[in-house]
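Below you'll find the structure, written out as structure tokens, and then a few comments.
The values are calculated or read from the model by the stated rules, or taken from the named source; none is laboratory data. Only a predicted model underlies this, so the values are computations on that prediction, with no experimental measurement involved. Here the Cβ positions follow ideal geometry from the backbone for every residue, glycine too, while neighbour counts run over all protein chains shown. Side chains included, ligands, DNA and RNA excluded: accessible areas come from the protein's heavy atoms. Shrake-Rupley method; radii C 1.70, N 1.55, O 1.52, S 1.80 Å.
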Amino acid sequence: MVNTTNKPNKYSIPVFLLIAYGFSWLFWVPEALIAQNIWAAPEGVKNILALNLGGWGPLIGAIVTTFIYQKGAGLKAFLKRGFMVRLGKWWWVVLLTFPVLIGGSLALSVLFGNPAPEFEALAQPAILPIAFVIIFFTSGPLQEEFGWRGYAFEHLRNKYSALTAAILAGLMWGLWHLPLFFVPRAEDYYNRPMWGLLLTTILVGIILAWFYANTQGSIFAAMVGHAMFNWSNWVFPALKSDSAALILFGLYFLAVGYIIWQYGRKTLTKV
């Protein structure tokens, strides 16, 4: 287990959340107010909001809070965990878990007689690896995993079991998205009830924490896992099918149940 704190501080998580939520919501709340026709914002404000800077809140929160409590040396050690690329056999686990779960949910849905959605991404196979790189750097993994797994989960598991820490970090991750439900967006998550996203971030958060815990605290592993989650939802659009979405929840529960059974709730590892 990697301990990123020289001396645990009871204020570290609240400070991290204040910065992460505060930075993101500084952009997302005005965006929601504009979308709901509550605020007629000036064009300059709209131009700033169009830069989509809100997603960087967790990364900024993790960096600033780490520097506050651990100074330069602690921040350097923290950032290095984003470059821990030697994952061994866990490369396969990290790369395949979400394609199997999400693609499997669609396959089972079709097997049960439900219509399949259009696989627009698979119609252009050459862009699949390019899309993964774009998703990794711009659609959540880089912006979020330093915060939710690298900082929140890591600090919480110093106080709670790894399972409880993963659930709490997943809940923080889900609630962070709240303003986006009031803005028209293309992602399927925001076209369904918010409880679905919260349940997803908790279950997926446990799986990402499992990757992280079993790779000696590699934030890179969590980022790749997060990228595979987003990429797989794009390649296999299970959320466009009610039946596939329900099956996917079932598969997430089975995967989490397996993790707890085989690795234990205390550390989520066999060590």
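Computed about its Cα centre, the charge dipole of the chain is approximately 1280 debye, with only Lys, Arg, Asp and Glu carrying charge at their Cβ. Max-minus-min Cα coordinates of region 9-80 on each principal axis give 45, 23, 14 Å, with the largest extent listed first. Residue 266: which aspartates and glutamates have alpha carbons under 14 Å from its alpha carbon, excluding same-chain residues fewer than 8 sequence positions away? The reachable aspartates and glutamates, counting only those whose Cα sits under 14 Å from residue 266, are 154.
Per atom type, the chain shows carbon and sulfur on 69% of its accessible surface, probed at 1.4 Å. Considering only alpha-carbon pairs that sit under 8 angstrom and 6 or more positions apart, the relative contact order computed for the chain is 28 percent.
Extension gain for the segment residue 38 to residue 178, taken as residue separation times 0.36 nm less the Cα-Cα distance, is 48.7 nm to one decimal.
One way to sum up the overall shape of the chain is the equivalent ellipsoid from its Cα gyration tensor, whose semi-axes run 28, 26, 17 Å, largest first. Residues considered: 97, 65, 201. Largest GNM mean-square fluctuation over the chain, using C-alpha springs under 10 Å, is found at 97.
Checking the a/c ratio against 1.5 first, then a/b against b/c, what shape does the Cα gyration tensor give for region 132-268? Prolate, because a/c is 1.5 or more and a/b exceeds b/c. Summed over qualifying helices (DSSP H, 4 residues or more, each -39500 (n - 2.57)) and divided by its residue number, the chain shows a 222 nm mean residue ellipticity of -21000 deg cm²/dmol. With springs connecting C-alpha atoms under 10 Å apart, model the chain as a Gaussian network and identify which of 39, 234, 173 has the largest mean-square fluctuation. Of 39, 234, 173, the Gaussian network model singles out 39 as fluctuating most. The residues of the chain have, on average, 49 Å² of accessible surface per residue, using a 1.4 Å probe with all protein chains present. Using only alpha carbons, region 172-213 has a radius of gyration to Kirkwood radius ratio (Rg to Rh) of 1.04. On the basis of the beta-carbon distance and an R0 of 30 Å, residue 9 and residue 216 show a calculated FRET efficiency of 0.85.
Scanning the chain for long hydrophobic helices, with DSSP H runs required to stretch 20 angstrom or more by C-alpha along their axis and to average at least 0.0 on the Kyte-Doolittle scale, returns 12-35, 57-80, 90-111, 162-176, 194-213, 219-235, 242-263.
Excluding same-chain neighbours fewer than eight residues apart, the lysines reachable from residue 270 by a Cα-Cα span under 22 Å are 89, 159. On the beta carbon distance between residue 123 and residue 192, with R0 = 25 Å, the FRET formula returns roughly 0.50.
Maximal additional length on extending the residue 266-residue 67 stretch stands at 68.8 nm, based on 0.36 nm per residue less the C-alpha distance.
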